[in-house]
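Asker: So that we are looking at the same thing, I have put the structure below in structure tokens.
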Amino acid sequence: MSKKAAFWIFISGTLVSLIILLALTFDFHQKVKALTHAENLSPQVLAGKWAWEKYNCNDCHTILGFGGYYGPDMTRAYWRIGESGIRYAVEKPEQAFANSFRKMPKKNLSPEEIDNLVAFLKWTSQIDTHDWPPQDRKFKLSSEAKRLVAGAGISVGAALFKDKGCFNCHALQGVGGTTGSSLDKIGSKLDKEAIARYIEDPSKVNPQAKMLKFDLSSEEIEALAKFLENQK
Amino acid sequence: MEYKSQKVAYPYFVIALFLFLLQVLFGLWLAINYFFTLPQGLVNVFPFATARAIHTNLLVLWMLLGFMGGTYFLLPDETKREIYSPGLAYFQLVLLVVTGVVALVGFVFGWTQGRPLLEIPRPLDFAVVIGALIFLFNVGMTMLKGKNWTVIQGTLLAGLIVLALLYLFGIPFYHNLSVDWYYWWWVIHLWVEGAWEMITAAIIAWILLKITGVPREVVEKWLYVELGLFLFTGIAGIGHHYYWLGAPKYWLYVGGIFSGLEPVPIILMLIDTFKHVKHRQLEIKNPLVWTYAVGCAVFHLLGAGVFGFVHTLPMINYYTHGSQVTAAHGHMAFFGAYALLNLTVFYYAIPKLKGIEFFKESLGRVGFWIMVIAMTGMGLAFGVAGVLQTYLERVMGLGYMTAQGEMRFWFKIVFSFGLIFLSGVIITIYDLLTLKPSVKREG
């Protein structure tokens, strides 16, 4: 190969790739508005993005999977822990993570900043990410959970308990989160109906409840309550 | 050392080494954060986020100072004239270092742009841009006045210009988070797989030329081919960052195909390095320099090529994206492709700057192997933690902190290897700063 041929490999390789990138970048700008619901980018959402950057949240938490790996991903935090969960963690991290081996700093955000941050995370939760992240997929059982139900014969309630992210806050037999209470003995305290009522809308049963109202069908609630009733 | 002005490179090297040491110390602190429960009071004033910002910005700063020092060192030799203005070179160093120190101290007090790796606040970005412009001016003028154009010079200058231009994409406040990350990667990805590759390929080509005596014609031909492939796979390969950020689905194909080919030029670079070393026409004076050069090529393939490839395909990346698997890749790739390259340059240049023809290299060799082995161990430990996280959190659906609990052990391993790595870094820095001549060649 001559040096001239090598030069043309260099030029053509670079240009082809560059043209692809620039053309697709143009197309990205045409489509990103719909994919991210840019019409919902209100001034409050933008103020929330400022707050997100001001407090350097992104160097502990990933968002869209980018950033620090020290805290959970925030893309779907609004689905996962809801507005009250976000508020609780930001306002009172010393309480929310009192039993956690990893802490979150208390940054003393103003009430307005917290509102904005919530609006921002609400907006991010509806970006079309092709169903990423897998741990926060909203409307389907993971393939792993389906296998558990079909193969090992565990109850649908147990599979749902795992799949709907209950472990994020609650623990069973020492496995799981510490934000909510441990559910090892829940069946000896509450019966199935009481559990179901609570899951359906926690704040209706207890106005002080930290737990959120999750988007669950009545069959799912029934299955979960049946599973939890047996934790004695 | 033929040209007096080459000595401006030395302070660049010394400061870069010092920042490297600091970077590793902050890295160890970050590892502690992962397995040890720190009190809330400490977390409030010095959170993980701040330490991470410092760790990563130190990385960028010492890499860039190393590249700049390396450029100033090779420039007179390539252009056959002194550097246009050594005074500007010193001024630019002071400007960048002061900016860097202000930025790092600012992070501790919460002054930040708040975007990973681009935390330097916007007012300071202007100082960085001015520093970069002075550098480009100085390098460009030296080349223009030298009127002795070579492919190595052209590649180097093009890489530096692209590097500076891409930085501009990191400065604005983007309204849409997806657009924000889209262009964030123009800085980060197109740096490490575009501009930085050009700069380091030019530098390594020059060093191979110098230590092996292989004809320039051959070295430069390979440089073209490698860079052509690097940029062909690398530029559109940016798509492997666009899978899940709110971009159209075709990126899964573009990113998967182009980045799947990314190991090819790295393999080629490794073959080429071995070839040059085999067909050398000069006696190798200081074998440690080419241990470093070959080590750089091998580790580049391992860290960037292999560890990059394993999670670049969309069906795998869906589960590994944003997990410790990325941290494993990041550490191995930066060390292999860039840290070892800078150290290769330092081991080539510093003896020349000190007028030492043959240097005692036993200590340097110890430092090299400690760093390489420790980084391999660290990368693997990060990798195991990443696989655990991927499986427990993303496949099994256990909560984030449950998975993190199972990963704690592996962060102790990361920390242990980090300590070993630190000892290698200290040995290497000590050795580089106190190089002693040896009467006979050591083998």
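Asker: Out of the residues in the stretch A:206-215 that are loosely packed, with under 14 Cβ neighbours inside 10 Å and in contact with a helix residue (DSSP H, G or I) (Cβ under 9 Å, 6 or more places away or on another chain), which is farthest from residue A:168 (Cα to Cα)?
Answerer: Pass one, the stretch A:206-215, residues loosely packed, with under 14 Cβ neighbours inside 10 Å: A:206-208, A:215.
Now restrict to residues that are in contact with a helix residue (DSSP H, G or I) (Cβ under 9 Å, 6 or more places away or on another chain): A:206, A:215.
On the way: A:206: 21, A:215: 16 Å.
In this case the residue turns out to be A:206.
Asker: In addition: Any residue that is surrounded by fewer than 16 Cβ atoms within 10 Å (Cβ to Cβ) and small (Gly, Ala, Ser) - is there at least one of those in the stretch B:381-403?
Answerer: Looking through the stretch B:381-403, none of the residues is surrounded by fewer than 16 Cβ atoms within 10 Å (Cβ to Cβ) and small (Gly, Ala, Ser).
Asker: Those residues that are more than 7 Å from every other protein chain (Cβ to nearest Cβ) and closer than 30 Å to residue A:105 by Cβ, I need them from the stretch A:1-51; list them, please.
Answerer: If the condition is that a residue be more than 7 Å from every other protein chain (Cβ to nearest Cβ) and closer than 30 Å to residue A:105 by Cβ, then A:40, A:42, A:43, A:44, A:45, A:47, A:48, A:50, A:51 are the ones that fit.
Asker: Looking at the stretch A:82-102, can you tell me whether even one residue there is assigned to a loop (DSSP other than H, G, I, E, B) and either farther than 29 Å from residue B:391 by Cα or away from chain B (no Cβ under 13 Å) (or both)? Write out each step before concluding.
Answerer: Restricting attention to the stretch A:82-102, the residues satisfying the condition of being assigned to a loop (DSSP other than H, G, I, E, B) are A:92, A:97-102.
If we keep only those that are either farther than 29 Å from residue B:391 by Cα or away from chain B (no Cβ under 13 Å) (or both) as well, we get A:92.
Yes, the stretch A:82-102 has at least one match.
Asker: Look at residue B:386 and say whether it is small (Gly, Ala, Ser) and either away from chain A (no Cβ under 14 Å) or in a helix (DSSP H, G or I) (or both). Let's see the steps before the verdict.
Answerer: Working: small (Gly, Ala, Ser): yes; either away from chain A (no Cβ under 14 Å) or in a helix (DSSP H, G or I) (or both): yes.
So residue B:386 passes the test.
Asker: Follow-up. Restricting the first residue to the stretch B:39-55 and requiring it to be in a helix (DSSP H, G or I), which pairs with a second residue that is aromatic (Phe, Trp, Tyr) and at pLDDT below 95 meet a Cβ separation below 9 Å and a spacing of at least six or different chains?
Answerer: That search, which allows pairs on different chains as well, returns B:40/A:97.
Asker: Hey, another quick one. With the requirement that a residue be polar (S, T, N, Q), surrounded by fewer than 24 Cβ atoms within 10 Å (Cβ to Cβ) and over 14 Å from the mean Cα position of the chain (by Cα), what does the stretch B:34-86 give you?
Answerer: Within the stretch B:34-86, B:37, B:40, B:44, B:50, B:79, B:85 meet the criteria.
Asker: Further, regarding this structure: Which of the residues belonging to the stretch B:75-131 are within 14 Å of chain A (Cβ to nearest Cβ), of a type in the set (A, V, I, L, M) and out of contact with any Gly (no Cβ under 9 Å at 6 or more places or on another chain)?
Answerer: Residues satisfying the conditions are B:103, B:104, B:108.
Asker: Still on this model: Answer yes or no: is there a residue in the stretch B:418-427 that is surrounded by 22 or more Cβ atoms within 10 Å (Cβ to Cβ), away from chain A (no Cβ under 13 Å), touching a Gly at 6+ places or on another chain (Cβ under 8 Å) and over 30 Å from residue B:357 (Cβ atoms).
Answerer: Yes, that holds for at least one residue.
The values are calculated or read from the model by the stated rules, or taken from the named source; none is laboratory data. What you see is a predicted model, and the numbers here were worked out from it, not measured in a lab. In this analysis, Cβ positions are derived from the backbone assuming ideal geometry, glycine residues included, and neighbour counts consider all displayed protein chains.
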